[in-house]
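No value in this document is a laboratory result; all are computed from the given coordinates. This is a predicted model, so every value here is computed, not measured. Here the Cβ positions follow ideal geometry from the backbone for every residue, glycine too, while neighbour counts run over all protein chains shown.
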Amino acid sequence: MQIFINEEAVESKIENEKNMEDVYSGIKNWAESKGKFLVAFKIDGNEKKDAELKNISINSVSRADFYIGESLDVVISSLSELDLYVDKIGDTLFGRDSLTPKEASDLEEGKKWILTVLESAESILRLDYKKMSPVGIEKTISGIIENLTSEKKLDTILSIEDYLENLRDLKLFIMDLINRLSLLNLDTETIKEILDTYANNMEVLKKEFMSVNENFQSGKEALANQLLQHSSGRLHIMISGLISVANKIHNTNIEELKFNDQTLLIVNKELSEKLNTIAKAFEDRDILTAGDTIEYELPEILDKFVPFLKALREKLV
């Protein structure tokens, strides 16, 4: 068996290990002793569950891949999985007035995992959820988490709508945090590319949102929701790229930069409010509000970002 760590072959001797569970534990303990973490693990190119490893003999394996990361990598990986899980919950609850017993049971288990991931991120990143809120939202992250992980039953349309609202607020926070963390280690050239891409292709992004509206208006709600999540994610990358410039420019206070008497913070808040309005309109199946917001209000806000993108791009050397 060949062992690879982060795609590099390593010399190792199998001594007391009896099965792949022993090998996995050994590598995991070694990584943690170095202040790092085991992010992912594959056997002959396939991911395996921890419970399966005990039954896999070492002799049956040709190649074992271990991916070791810093604590920040682990947080980003966990938050990305959480983001996907939040989407899954939203898809399950959307348009429902109750849950089956199995769905309710699965959700209760899922709540525990949500809490574990978020508490881990709070600890590693030294955050304080009691003092943090998603952009454009008045509720604190701790309040949102409490609402999502409570034992309140989802057995009415109203209770599910309330849960979806908190879920949407949490997703905004998760996406923003992932993008901010992912951009921490980006070099200047990559940030320049992000700023250039969005400054020169804002019309493309507008058309993406128009496609969201067209699908929603024609009754293709599931596809419209998927497109909305995709386009919203691209917007959060843009915002994170703008904010990350603050770490690269030492002679400019981004908070003081204004165009048409509006700061980037104000424009960003407007964007978050409109995205929330659109998401809420989707949940309520409010075709009129969704259409008007996407077609008339959102494009104006997106245009406001262009001068900020260009101005900050010019300051990067």
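Among 140-146, 282-288, how do they line up from the highest to the lowest mean number of other beta-carbon atoms within 10 Å?
140-146, 282-288
Would any residue of segment 121-161 have its amide N under 15 Å from a label point 7 Å out along Cα→Cβ of residue 286? List them or say none.
Within reach of a label on residue 286, which here means backbone N under 15 Å from a point 7 Å along Cα→Cβ, segment 121-161 contributes 161.
Could you work out [θ]222 nm for the chain from helices alone, using -39500 (n - 2.57) per DSSP H run of at least four and dividing by all its residues? Round to the nearest 500 deg cm²/dmol.
Mean residue ellipticity, 222 nm, calculated: -20500 deg cm²/dmol.
Taking a ≥ b ≥ c as the square roots of the Cα gyration tensor eigenvalues, with a/c under 1.5 meaning rounded and otherwise prolate when a/b beats b/c, else oblate, which class fits segment 2-69?
Rounded, because the longest to shortest axis ratio a/c is under 1.5.
In segment 127-192, with Lys and Arg counted as +1 and Asp and Glu as -1 at Cβ, which of these residues, 150, 160, 188, has the Cα nearest the positive end of the dipole, that is, farthest along it?
Toward the positive end, the furthest listed residue is 188.
Per residue of segment 160-169, in order, report the coupling 6.51 cos²θ - 1.76 cosθ + 1.60 (Karplus, θ = phi - 60°) as ³J(HN,Hα) in whole Hz, putting x for Gly and Pro.
Listing the rounded values in order: 6, 4, 5, 5, 4, 5, 5, 5, 5, 5 Hz.
Name the long-range amide H neighbours of residue 63: under 5 Å, sequence gap of 5 or more, or other chain; modelled H, no Pro or chain starts.
Those lying under 5 Å, H to H, from residue 63 are 2, 44.
With +1 assigned to the C-beta of every Lys and Arg and -1 to the C-beta of every Asp and Glu, and no other charges, what is the dipole magnitude of the chain about the Cα centre in debye, to the nearest 20?
Around 480 debye, computed over the chain.
Listed highest first by mean packing, meaning other Cβ atoms within 10 Å per residue, what order do 7-13, 79-85, 58-64, 126-132 come in?
79-85, 58-64, 126-132, 7-13
What shape does segment 146-220 take by its C-alpha gyration tensor, where a ≥ b ≥ c are the square roots of the eigenvalues and a/c under 1.5 counts as rounded, a/b above b/c as prolate, and the rest as oblate?
Note, shape of segment 146-220 comes out oblate.
Across all directions of projection, what mean area in square nanometres is found for the Cα convex hull of the chain?
Projected over every direction and averaged, the Cα hull of the chain covers 19.8 nm².
Give me 218, 182, 272, 71 sorted ascending by neighbouring Cβ count inside 10 Å, so fewest comes first.
218, 71, 182, 272
With θ taken as phi - 60° and the coefficients 6.51, -1.76 and 1.60, list the Karplus ³J(HN,Hα) couplings across segment 68-75 in order, rounded to whole Hz; mark glycine and proline as x.
With the stated coefficients, segment 68-75 comes to 9, x, 6, 4, 5, 4, 5, 4 Hz.
Kindly identify segment 55-165 as rounded, prolate or oblate by the Cα gyration tensor criterion: order the square roots of the eigenvalues as a ≥ b ≥ c, call it rounded if a/c is under 1.5, otherwise compare a/b with b/c, prolate if a/b is larger, else oblate.
oblate
Would you kindly state how much longer the chain becomes between residue 97 and residue 149 on full extension, computed as 0.36 nm times their sequence separation minus their alpha carbon distance, in nm to one decimal?
16.8 nm
What ranking do 236, 230 get, fewest neighbouring Cβ atoms within 10 angstrom at the top?
With the sparsest Cβ surroundings first, the list reads 230, 236.
Past 27 Å, Cα to Cα: identify those pairs from 13/54; 48/192; 153/220; 48/102, in the order given.
48/192; 153/220
If you rank 96, 313 by fewest surrounding Cβ atoms within 10 Å, what's the result?
96, 313
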